[in-house]
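Everything below concerns the one structure shown next.
Read the figures in this text as sums done on the coordinates, not as results from a lab. This one's a predicted model, so the numbers in the text were calculated from it and none came from an experiment. Because the Cβ atoms are built from the backbone with ideal geometry, glycine has one as well, and the counts that use them run over all protein chains shown.
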Number of protein chains: 2
Amino acid sequence: VHRQHEVELRRKLKILNAADAAYLLDMLTLDQRWLVWSMLEEHVAAEAMLEMSEAVLTSIVEETDSNRLLKLLIHLDADELSEIAEFLPADVLASAKAQLEAAEQQWLEASLSYPEDSVGSLMSRDSFLVSPNQSLDEVIAAFRAMEEVPEQMDKLFVVQKPRHLVGVLPLTALLRHPGDERVNKVMQPNPVTFSADEDAEDAAHAFERYDLISAPVVDENRRVIGRLTVETMMDYLREHHEGAALAKEGLSARTDLFGPVMSGARARWLWLCINLATAFLATRFIALFEQTIISLVALATLMPIVASVGGNTGNQTIALFVRGLAMDHINRDNLRFLVMKELLISVINGALWGCLLGGVAFLLYGNPGISVVMAVATLLNLIIAAAAGIFTPLALAKSGRDPAMGASVVLTFVTDSMGFFIFLGLATWWLI
Amino acid sequence: VHRQHEVELRRKLKILNAADAAYLLDMLTLDQRWLVWSMLEEHVAAEAMLEMSEAVLTSIVEETDSNRLLKLLIHLDADELSEIAEFLPADVLASAKAQLEAAEQQWLEASLSYPEDSVGSLMSRDSFLVSPNQSLDEVIAAFRAMEEVPEQMDKLFVVQKPRHLVGVLPLTALLRHPGDERVNKVMQPNPVTFSADEDAEDAAHAFERYDLISAPVVDENRRVIGRLTVETMMDYLREHHEGAALAKEGLSARTDLFGPVMSGARARWLWLCINLATAFLATRFIALFEQTIISLVALATLMPIVASVGGNTGNQTIALFVRGLAMDHINRDNLRFLVMKELLISVINGALWGCLLGGVAFLLYGNPGISVVMAVATLLNLIIAAAAGIFTPLALAKSGRDPAMGASVVLTFVTDSMGFFIFLGLATWWLI
């Protein structure tokens with residue numbers, strides 16, 4: 001019976017394309033994943049490696065023996081290899097490279113030499129170049145002579161020898177003008193271009209802003225050195241967004257939802273460790289005031305509220321500033337305005353909600369002293385939270401890191417420890 | 001001098017295209033925003049409305065008087081109007097609609113009748129239809145006869161009368177085959193299609209998976225009713241991701257970073273209110289044990305740690321499950337496996353870190369009873385955190401909401417209150 005199932009499965013897998021195979025692998029448990037992976041045809045398996053999630057790719061590369069891996073990689077070209085190169089063991093990558101033609105080997109090396117989040121690491125070498133003096137009929141003939149049209153090719157790049165970009169020729173222009181027209185009469189002369197060392201996220205935003213499908217990458221002399229496509233930019237943004245959401249919780253994008261239990265447990269240790277360390281540190285501020293708590297135990301009940309309301313509004317400020325930084329909306333000119341505005345909001349909200357909290361504390365404990373301490377501590381902690389919520393993402397961005405990554409750990413530490421310290425400190429000073 | 005600046009500014013604004021104007025408006029403070037907005041030429045201003053952030057669009061629509069708004073909207077077609085319709089006052093939208101031709105009016109109405117996050121609300125009416133029996137030369141002639149080629153048109157839709165989809169014809173195929181070839185010999189017969197009531201996020205993932213630039217939207221009889229483009233899908237995903245990051249902190253995507261202080265303060269009230277309510281509720285569990293705290297004040301110092309470590313790991317589980325749900329990787333078949341795996345991880349990590357925390361507590365207070373209570377409470381709270389971290393996003397998704405939205409409020413409430421309750425409860429039972 002099992003045998004029969006296998007035949008059936010093999011038949012079904014035959015009709016899968018690479019994108020669907022990758023999607024399937026992404027949601028299978030480990031043993032199902034190995035079964036399906038071992039049954040995929042070589043070229044489908046190879047292309048699926050480009051489409052699957054980082055987590056699954058990591059586990060598959062780990063478990064597949066080098067010989068099979070190498071057999072699969074024959075089906076990939078230099079562009080595709082460079083996309084998954086960071087996941088491959090060094091020896092497998094070297095052997096796979098040796099299987100390529102000389103020109104492709106060179107391209108792969110160049111591509112791997114760019115930093116991870118740069119345009120250079122994402123560009124492909126499949127640009128189609130035409131000369132400004134060609135007629136459209138000549139261009140069409142050359143276009144037909146290509147073995148295969150690269151994906152997402154909506155325009156050809158117009159270059160003067162050698163490879164100096166002078167414009168782009170959209171395929172629609174090629175179709176809409178008479179064949180005897182010259183390229184330089186029809187081309188768009190000032191296309192959006194990118195440089196190889198540009199940040200990939202900025203490039204992706206430019207693709208969104210200018211609704212690009214493909215665009216040339218040029219060097220400092222405006223020579224075409226590669227091509228970016230909207231497909232690559234979309235994949236980059238998706239991985240980036242997903243990675244950011246996980247990184248915020250201290251997890252890697254390579255965390256495999258279906259992976260083994262122990263590696264799942266280990267994936268969380270660093271974060272747990274950081275969290276425990278900051279929590280311990282923050283509660284040391286409580287330890288300073290244990291005598292105060294014994295004489296007024298209501299303080300122990302109320303102090304987590306002051307800490308929590310600070311953490312909460314600080315995280316709102318972080319979210320707003322992270323968005324502003326990602327969209328490139330924050331700069332020197334408007335920063336002063338934004339900081340003043342956030343602080344003013346925290347004063348207004350601190351006064352308002354401080355009074356409310358003080359009121360509720362009075363209803364619960366009937367002690368006007370506690371109410372006043374509660375109100376003032378809330379106000380002060382909200383101001384501190386706003387300041388920390390602004391400067392943490394700015395400092396992270398300035399040091400070249402993702403402004404969201406780890407920002408909320410720093411913030412929570414600040415608002416917890418200051419919440420405890422201010423609240424218990426004021427209580428000790430005024431009430432005891 | 002001011003006058004001279006204004007002339008200079010006006011000159012610079014003249015050469016801006018709509019995308020750049022929108023980007024500029026997005027990062028100006030309010031008075032600068034009004035100055036630039038009032039100086040933009042009508043057609044640039046109109047198109048910029050399509051590109052600017054939701055927050056800025058909201059504020060601009062509010063402050064611009066209806067007459068100017070209406071004058072700008074003349075420059076937009078039905079597709080563009082439907083994109084920003086939700087931001088316009090009802091009377092302005094009605095007048096703008098009245099300015100359109102009858103066919104465009106009908107399209108606008110149909111488009112507005114689809115729910116907000118559906119494919120129908122995002123599709124455009126600019127499909128180019130060809131018949132399977134036409135020759136490629138005939139198609140090219142028709143293509144040239146078009147007044148203007150729509151953006152992001154990489155393929156034509158092949159339909160049998162009336163509008164029944166039988167395939168798609170990529171522009172590259174049109175260029176690469178001889179002109180006397182028939183469309184049905186060259187077309188791709190089984191294209192990826194979408195239906196108008198499909199979820200926009202699913203459609204966007206399909207665009208990523210199959211590297212689409214444009215795709216037909218069909219009704220239940222496979223009749224073409226519209227077209228989706230990668231540009232629209234990218235914009236949708238960006239807004240969706242940004243909105244989600246803000247929504248997680250209880251903020252709307254329409255929160256204007258540069259808006260007035262009072263509206264900035266008000267934007268945060270609902271979330272502050274929810275946070276205060278849950279924080280108050282959670283600390284009621286502390287109030288139950290105030291007598292215990294008086295007799296063993298170290299408990300007050302240690303209890304926030306138990307709560308915090310629970311909240312932390314629970315948020316990791318949420319992040320993993322939210323990603324899994326977004327990527328559509330979680331289904332009935334693998335859910336049981338995932339739940340067991342997460343619980344097992346929480347037991348392993350709970351035991352490990354519980355012992356560590358117990359050890360540190362012993363070093364601090366030299367009380368073995370407190371250490372054991374600390375260890376057991378940590379273990380139990382981590383298990384509860386895992387369970388809450390799994391079921392909160394699943395329940396939100398099942399009820400049709402965004403699984404990330406509000407999940408961490410619910411989780412923090414559970415892990416705080418259970419952390420306090422278990423830790424102080426165990427201490428009362430064993431130590432007092």
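Here are the numbers:
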item	result
Nitroxide proxy distance, nm - points 7 Å out along Cα→Cβ at B:Val347 and A:Phe87	3.2 nm
In the stretch B:93-163, GluC sites (Glu not before Pro) in a DSSP loop with at most 11 other beta-carbon atoms within 10 Å	B:Glu101, B:Glu116, B:Glu147, B:Glu148
Mean Cα-pair separation over length for the stretch A:160-278, i.e. relative contact order, pairs under 8 Å, 6 or more apart, %	18 percent
Other protein chain Cβ atoms within 10 Å, averaged over every residue that makes up B:302-309	6
A:Val168 long-range amide H proximity, modeled H, under 5 Å	A:Val158, A:Gln188
Residue order, fewest to most surrounding Cβ atoms within 10 angstrom, among B:Met303, B:Met405, A:Met340	A:Met340, B:Met405, B:Met303
Pseudo-label separations to other copies for B:Lys14 - Cα-to-Cβ vector, 7 Å, nm	6.9
Loop-resident sites, the stretch B:165-236, for GluC sites (Glu not before Pro), counting at most 10 other Cβ within 10 Å (DSSP)	B:Glu220
Charge-dipole axis of the stretch B:240-378 as Lys and Arg at +1 and Asp and Glu at -1 on Cβ define it, positive-most pick from B:Leu272, B:Val360, B:Gln291	B:Leu272
Exercise: per-residue mean of other protein chain Cβ atoms within 10 Å, B:332-341	3
Karplus 3J(HN,Hα) series, Hz, for the stretch B:404-412 with 6.51 cos²θ - 1.76 cosθ + 1.60 (x for Gly, Pro)	8, 5, x, 4, 6, 5, 4, 4, 4
Restraint check, B:Lys97/B:Lys161; A:Lys14/B:Lys185; A:Lys341/B:Lys97; A:Lys155/B:Lys185, Cα-Cα greater than 27 Å	B:Lys97/B:Lys161; A:Lys341/B:Lys97
Relative contact order (%) - criterion: Cα under 8 Å, at least six apart; region: chain B	12 percent
3J(HN,Hα) from dihedral phi, the stretch B:41-58, Karplus parametrisation 6.51/-1.76/1.60, rounded to Hz, x for glycine, proline	5, 4, 5, 5, 4, 4, 6, 4, 4, 6, 9, 6, 6, 4, 4, 5, 4, 4
Spacing of the two label points (7 Å from each Cα toward its C-beta) at B:Val7 and B:Ile432, in nm	8.2 nm
Rg/Rg_globular for the stretch A:181-327, with Rg_globular taken as 2.2 N^0.38 Å and Rg from C-alpha atoms	1.73
Table column - 3J(HN,Hα) (Hz), the stretch B:117-133, Karplus curve with 6.51, -1.76, 1.60, x for Gly and Pro	9, 9, 4, x, 6, 10, 6, 10, 9, 8, 5, 10, 9, 10, 9, x, 8
Structure-based [θ]222 nm, the protein assembly as shown - -39500 (n - 2.57) summed over DSSP H runs of at least 4, per residue, nearest 500	-21500 deg cm²/dmol
Along principal axes, Cα extents of the protein assembly as shown, largest first, whole Å	95, 79, 54
Using a 7 Å Cα-to-Cβ projection, B:Asp328 label spacings across copies, nm, ascending	3.2
Exposure proxy ranking, count of Cβ atoms within 10 Å, fewest first, for B:Leu356, A:Leu73	B:Leu356, A:Leu73
Cα radius of gyration and Dmax for the stretch A:330-432 (Å)	16.1, 51
Efficiency of FRET between B:Leu270 and A:Asp202 - r from beta-carbon atoms, R0 56 angstrom, step 0.05	0.95
Label-zone membership for the stretch A:174-217, site A:Ser131, 7 angstrom Cα→C-beta point, backbone N under 13 Å	A:183-184
Relative contact order (%) - the stretch B:65-193, alpha-carbon pairs under 8 angstrom, separation at least six	19 percent
Globularity index of the stretch B:104-251, i.e. its alpha-carbon radius of gyration over 2.2 N^0.38 Å	1.14
Principal axes of chain A: Cα extent on each, largest first, Å	91, 65, 34
Simple spin-label estimate for A:Thr29 and B:Ala102 in nanometres, 7 Å along Cα-Cβ	6.2 nm
Inter-copy spacing of B:Glu116 label points, which lie 7 Å from Cα along Cα→Cβ, given in nm from shortest upward	3.6
Net dipole in debye of the stretch A:66-205 [+1 Lys, Arg Cβ; -1 Asp, Glu Cβ; about Cα centre; nearest 20]	640 debye
